[in-house]
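Here is the structure we will look at, set down as structure tokens.
The values are calculated or read from the model by the stated rules, or taken from the named source; none is laboratory data. Not measured: the values here are computed from a predicted model. Cβ sites come from the backbone with ideal geometry, for glycine too, and all protein chains shown count toward neighbours. Heads up: the accessible areas ignore ligands, DNA and RNA and are worked out on the full protein's heavy atoms, side chains in. Shrake-Rupley method; radii C 1.70, N 1.55, O 1.52, S 1.80 Å.
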Amino acid sequence: MKNNTKILIASIVILLLIASVSLYLNKDNAAKNKALNDNAIFKVLENGNEIASYTMTEIQAIGEKQFIATLDTSTTEPEDYEYTGVLLKDIFIEAGISLENRQAVIVTAADGYSVAVDMSKFLEEDNVFLAYRVNGELLGTKEEGGKGPYQMIISKDPFSQFWCKFALSADIQ
Ligand SMILES: Nc1nc2c(c(=O)[nH]1)N[C@H]1C(S)=C(S)[C@@H](COP(=O)(O)O)O[C@H]1N2
Ligand SMILES: [Mo]
């Protein structure tokens with residue numbers, strides 16, 4: 001064989017190897033993403049009674065939106081992020097729960113944090129979201145050092161202390 005032919009064959013073999021390794025790694029990633037999506041359960045309650053629970057795939061199907069919100073904490077300067085999520089009220093509508101004559105929605109997190117969202121704020125257009133992506137990336141779990149898998153975000157709030165990381169459920173009262 002000519003040297004050129006050898007080089008060509010070697011290059012093709014190396015390219016094929018790289019392609020199959022990355023396919024293999026991606027498959028792993030895809031499986032992890034699927035597991036994360038299936039395990040990320042969000043529950044919806046009415047006066048303390050569980051009415052429905054959703055996986056991330058089901059949440060997405062309710063009507064994904066992109067929005068900008070400013071993260072402003074006691075220790076950081078305000079910074080804009082692009083989030084992906086659904087309006088929290090749309091999840092209640094999907095669950096067939098009436099939004100009329102209510103006082104508040106209590107969002108509870110895996111670390112015990114809990115936020116009460118006033119009804120008038122909750123009903124506002126494009127304000128109270130359940131987000132699962134920030135700048136295109138999944139929020140990640142608390143164990144992974146993330147802020148999700150779900151984070152309740154009040155996009156029009158000037159400060160973010162009433163947002164809720166690691167959100168597990170929302171109870172309308
Ligand atoms: N679950 C949970 N959500 C939370 C908190 C928290 O301790 N636990 N802290 C709040 C506060 S004080 C701020 S400023 C915002 C942003 O916090 P971060 O900088 O840790 O994202 O999250 C809010 N939501
Ligand atoms: Mo904060």
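Per-residue answers, yes or no, for (1) over 20 Å from Ile62 (Cβ atoms); (2) of a type in the set (Ser, Thr, Tyr); (3) open to solvent by less than 60 Å² (accessible area, probe 1.4 Å); (4) away from ligand 1 (no atom under 14 Å from the Cβ):
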site	(1), (2), (3), (4)
Gly140	yes, no, yes, no
Gly145	yes, no, no, no
Ile154	no, no, yes, no
Asp157	yes, no, yes, no
Ser169	no, yes, yes, no
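Of all residues in region 63-110, which are in a helix (DSSP H, G or I) and buried (at least 17 other Cβ atoms within 10 Å of the Cβ)? Please lay out each step first, then the result.
At the first step, the residues of region 63-110 found to be in a helix (DSSP H, G or I) are 63, 88-94.
Leu88, Lys89, Ile91, Phe92, Glu94, listed by residue number.
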When every residue in region 111-132 that is buried (at least 19 other Cβ atoms within 10 Å of the Cβ) and not aliphatic (A, V, I, L, M) is compared, the one farthest from Ser155 (Cα to Cα) is Tyr132
By residue number, the members of region 42-62 that are surrounded by 13 or more Cβ atoms within 10 Å (Cβ to Cβ) and more than 11 Å from the chain's Cα centre (by Cα) are Lys43, Val44, Leu45, Glu46, Ile51, Ala52, Ser53, Tyr54, Glu58, Ile62
